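Just below is one structure, and these are the notes that go with it.
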Amino acid sequence: MKKYSFLCLWLKWLLPTLALTPLSSFGQGLVQLLDPNIKSVQVFANQNITSFPSATLGTNETVTCSFDDLAKSAPRNLTYRITHCDEGWNDENLHPSVFIDGFQENPLYCKTYSNNTTIRYVHYSITFPNNDVKLKISGNYMLTVIDSDSQEAILRVGFMLSEKSAIHNASVKIPSGIGYETSHQLLLDLRFVSITPSNPSSEIKTKVYQNFQLLPQDLQPLPTNITATSISYSRSDKNVYLAGNEYRSLDIRDVHYVSTNVRSSKLVDGEYFLLLNPDTDRSSLPYSSAYDYNGKMIIAGLSSSNPDSDCDYYNVLFSLGSQFLGNKFDVYVEGELSGWSSTNANRMMYNNKTSCYELPLILKQGFYGYCYVVRDANGHEATSLTPEGNFSQTENSYQVCSYYKGIRDLYTRLVASTTIERDKKLTK
């Protein structure tokens with residue numbers, strides 16, 4: 001590839017990336033991008049941008065969602081709407097008075113304009129609870145951002161408010177047995193504190209996220225022992241998950257800073273274009289520990305005092321050296337940078353000239369964790385073709401959420417929410 005010839009790829013990719021059709025339901029991730037101008041979406045708890053977006057109801061804990069709007073017409077007239085959902089992120093269609101103090105839909109005023117950047121944007125941030133909205137009950141909540149002029153949703157973000165009506169006793173270990181050498185196993189018990197389910201097997205649902213992504217339904221835990229005061233989900237052959245690998249890292253805090261990831265950069269027509277070094281398949285390489293934030297992104301610039309408004313956007317070309325996997329499989333760049341999901345916007349295209357899968361993305365200055373995922377035509381991960389590999393040493397975070405809805409209850413409560421980390425790094 002000639003130097004900077006990758007600029008032509010942006011034209012080739014312009015039309016495909018405008019079609020944001022998810023392969024799977026919203027439940028697979030906490031973010032659903034509905035407008036290609038919405039970038040750098042983050043949702044987190046208690047001002048910790050690397051945290052799982054779950055706060056405890058009735059405390060001083062908070063949940064924050066932030067994003068940038070790169071639309072030429074920004075700032076647009078945006079509003080946000082809150083809905084209460086069940087454990088599978090389906091709207092429970094509750095009357096707003098059941099779950100909210102305030103109006104269900106409100107203007108989105110909290111915005112900041114970009115400052116001295118090559119790409120102009122408007123930054124938005126909203127924290128719950130706030131002066132307009134106080135949420136009254138536990139559970140899953142969906143934040144939908146709407147363009148008031150077009151009445152179209154441009155972003156959906158999920159977050160949670162939990163009770164302490166039950167307690168998790170949970171840990172993650174390397175399972176024993178042949179075939180489990182590259183996996184993790186969740187050991188899990190749920191003890192009731194202030195709830196008395198009449199039929200725990202049907203009224204209690206437990207969901208597990210691995211690195212902020214909801215595991216497929218066939219991997220979700222099922223009760224193995226139920227008593228009047230507890231549920232055990234632990235068994236030697238259950239709750240076993242492929243461990244994956246540490247996320248790859250990308251440091252683009254400054255276009256003038258020579259990162260090991262970046263092969264070359266150039267300013268073209270007032271915008272920066274970065275060509276990354278091609279990544280390689282590492283499934284057969286030895287495990288290597290890495291500092292990766294489990295796929296999260298940290299917005300930061302080496303000379304930026306306010307990353308929300310001072311950090312610039314770069315056009316970045318990812319490439320993965322690989323043979324063509326055929327028309328039945330697609331390769332995606334995934335992580336928080338993609339909203340934890342697979343859509344046409346983060347699907348790679350194969351380049352026969354370079355023997356690489358390639359994808360251009362517009363990313364804000366910062367530090368990113370990402371991985372490559374191979375999926376079939378139905379969106380299911382083809383684990384046998386992964387270019388990442390699976391290693392039991394991998395440091396993953398697991399988020400466990402237990403829900404309760406009695407036979408006469410109107411809504412689904414989140415009665416316990418716990419984060420467990422396998423071999424958490426001391427530097428985190």
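All of the numbers you see were taken from the coordinates with simple rules; none came from a lab. If you're wondering where the values come from, they're calculated on a predicted model, not measured in any experiment. So basically every Cβ, Gly included, is an ideal-geometry build from the backbone, and we count neighbours across all protein chains shown.
Starting from 0.36 nm per residue, how many nanometres of slack lie between Y291 and D409 once their C-alpha separation is accounted for? The partial results should precede the final answer.
Details: separation 118, 0.36 × 118 = 42.48 nm, distance 4.38 nm.
Answer, rounded to one decimal: 38.1 nm.
Do you know the relative contact order of the chain, to the nearest whole percent, from alpha carbon pairs under 8 angstrom that are 6+ apart? Intermediate results must be reported in sequence, preceding the final value.
Numbers: 1023 pairs, mean separation 83.4, N = 428.
Once divided by the residue count of the chain, the mean separation gives 19 percent.
Find how many whole Å separate the alpha carbon centroid of the range 200-254 from the alpha carbon centroid of the range 153-185. Between the Cα centre of the range 153-185 and that of the range 200-254, the gap is 4 Å. Applying a DSSP loop filter and a limit of 10 other Cβ atoms within 10 Å to the trypsin sites (Lys or Arg not before Pro) in the range 360-418 leaves R408. Roughly how far apart, in whole Å, are the Cα centres of the range 351-428 and the range 258-330? What the calculation gives is 17 Å, centre to centre. Under 13 Å of direct C-alpha separation, and excluding same-chain neighbours fewer than eight residues apart, K39 reaches these aspartates and glutamates: D68, D69, D308, D312, E336. If you take all other residues with their beta carbon under 15 Å from the beta carbon of N46, and give Lys and Arg +1 and Asp and Glu -1, the sum is 0. Per-residue Cβ neighbour counts within 10 Å put S355, S397, S303 in the sequence S303, S355, S397, beginning with the fewest.
Counted residue by residue at 0.36 nm each, then reduced by the alpha carbon distance between them, the extension gain from H95 to R235 reaches 46.4 nm.
Computed 3J(HN,Hα) for the range 380-386, one whole-Hz value per residue from the Karplus formula 6.51 cos²θ - 1.76 cosθ + 1.60 where θ = phi - 60°, is 7, 5, 8, 5, 5, 9, 4, glycine and proline marked x. Close amide H partners of N277, meaning residues 5 or more places away or on another chain with modelled amide H under 5 Å apart, are V262, R263. For the chain, the 222 nm mean residue ellipticity estimated from helices alone, with every DSSP H stretch of n ≥ 4 adding -39500 (n - 2.57) and the total spread over all residues, rounds to -1500 deg cm²/dmol.
In plain terms, if you count all Cα to Cα distances in the range 26-162 and split them into 5 Å steps from zero, the share in each step is 2, 10, 21, 24, 21, 14, 6, 2, 1, 0 percent. Excluding same-chain neighbours fewer than eight residues apart, the aspartates and glutamates reachable from K207 by a Cα-Cα span under 12 Å are D86, E87, D218. Sorting the segments 61-67, 155-161, 282-288, 253-259 by their mean number of nearby beta carbons within 10 angstrom, highest to lowest, gives 155-161, 61-67, 253-259, 282-288.
Would you mind computing, in nm to one decimal, how far apart the modelled labels at T118 and A377 are, each placed 7 Å from Cα along Cα→Cβ? According to this spin-label approximation, the distance is 4.1 nm.
Give me the dipole magnitude in Debye, nearest 20, for the chain about the Cα centre, with unit charges on the beta carbon: positive for Lys and Arg, negative for Asp and Glu. Intermediate results must be reported in sequence, preceding the final value.
Working: 37 positive and 42 negative charges, 81 e Å.
Taking the Cα centre of the chain as origin, the dipole is about 400 debye.
Note on N351 and T280: the model spin-label points, each 7 Å out from Cα along the C-beta direction, lie 1.8 nm apart.
Taking every alpha-carbon pair in the range 237-299 and binning the separations at 5 Å intervals from zero gives 3, 13, 19, 19, 17, 12, 7, 4, 3, 2, 1, 0 percent. Taken along the Cα-to-beta-carbon direction at a fixed 7 Å, the label points for T127 and S198 span 4.3 nm.
Among D409, D281, what is the fewest-to-most ranking by other Cβ atoms within 10 Å?
Values: D409 10, D281 16.
The fewest-first ordering by Cβ neighbours comes to D409, D281.
Based on the Kirkwood radius over alpha-carbon pairs, what is the Stokes-Einstein translational diffusion coefficient of the range 248-385 at 25 °C with 0.890 mPa s viscosity, in µm²/s? Mind showing how you got there, number by number?
Numbers: Rh = 15.9 Å.
It comes out at roughly 155 µm²/s.
Net charge of the neighbourhood of T118, taken over other residues with C-beta under 10 Å away and scored Lys/Arg +1, Asp/Glu -1, is -2. Beta-bridge orientation, the chain: approximately 95 percent antiparallel, per DSSP, counting only bridges with both partners inside.
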